[in-house]
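Reading through the structure tokens given below for one structure.
The values are calculated or read from the model by the stated rules, or taken from the named source; none is laboratory data. Predicted, not measured: the structure shown is a model, and the values here were computed from it. No Cβ is skipped: glycine too gets one built from the backbone with ideal geometry, and neighbour counts run over all protein chains shown. These area figures cover heavy atoms from the full protein model, side chains too; ligands, DNA and RNA do not enter into them. Shrake-Rupley method; radii C 1.70, N 1.55, O 1.52, S 1.80 Å.
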Amino acid sequence: MNPIYIAPSILSADFAKLGEEVADVERGGADWLHVDVMDGHFVPNLTFGPLVMGAIAPMTKLPLDVHLMIEKPEEYVPAFAGAGAHLITVHAEACVHLHRVLHLIKEQGVKAGVAINPATPASAVREVLEDVDLVLVMTVNPGFGGQAFIPGTLRKIRQLKAWKDELGLTDLRIEVDGGISAATAPLVVEAGADVLVAGNAVFGQADRRAAIGEIRESLAGLA
């Protein structure tokens, strides 16, 4: 079993002091830093682009897990790779030629991920599982932080874990994003997830080390 990684999402950080926020979760024990990029078209919110991400990259040693919730992501992949992304995830729903886009990401020298929204079946990514380093299951509808976890997404996590085992993809990561807390983390890990994106559950707390620790403690005893 892969180790469980916790990736705080800077979507829930205080943007007025973003550098301090990033340093705080790094000191608090985060494994990755999740960067939600939204264009106001693919999802109903607008966040930031490669320039802001490029300013974050020198501030941290954490891997930057960049989640592109945007239309035509292939047009922006090189810019985010150049800004310091370690892994770039694109949505299956946003890519007409998904296989091509995933290989474009790898051509930039970074890892590639594919994401699916709550209403998208796991079968939408079945044919590219051997081409990616990570598959991201959205456990809320993308666009805004602070939403409630959608229990029905657990079925997709279990299905992806079954395919991962069937294909022998031991290095494939299954990530979840949305409504993750100490209450829901054990559910998704039992289903097969091993990267947990946490927004408000970490950045919404005054003590980020304690918040990350609480999530880890909730997983104690899970195989």
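Assorted remarks:
- Solvent-accessible area of residue 216 with every protein chain in place, 1.4 Å probe, in Å² to the nearest 10: 90
- Cα-Cα P(r), segment 91-130, percent of pairs per 10 Å interval: 29, 58, 13, 0
- Sequence-ordered 3J(HN,Hα) estimates for segment 109-118 from the Karplus curve with 6.51, -1.76 and 1.60 and θ = phi - 60° stand at x, 10, 6, 10, x, 10, 10, 9, 6, x Hz, glycine and proline given as x.
- Per-q log10 I(q)/I(0), segment 30-101, q = 0.24 Å⁻¹ (Debye; single scatterer per alpha-carbon; no solvent): -1.09
- Cα pair distances in segment 5-219, grouped into 5 Å bins until the bin that holds the longest one, percent each: 1, 8, 17, 21, 22, 17, 10, 3, 0, 0
- Its DSSP H runs of at least 4 residues, each contributing -39,500 (n - 2.57), put the calculated 222 nm mean residue ellipticity of the chain at -8500 deg cm²/dmol, to the nearest 500.
- For the chain: accessible area per residue (Å², 1.4 Å): 43
- Local electrostatic count at residue 67 - Lys and Arg +1, Asp and Glu -1, tallied over other residues with Cβ under 10 Å: -4
- 167, 134, ranked by accessible area, largest first (probe 1.4 Å): 167, 134
- For segment 18-26, Karplus couplings with θ = phi - 60° (6.51, -1.76, 1.60), whole Hz, Gly/Pro x: 4, x, 5, 5, 4, 4, 5, 6, 5
- With N counted as the residues of segment 12-131, its alpha-carbon radius of gyration over 2.2 N^0.38 Å works out to 1.06.
- For residue 115, residues with placed amide H under 5 Å, excluding near neighbours: 90, 91, 92, 136
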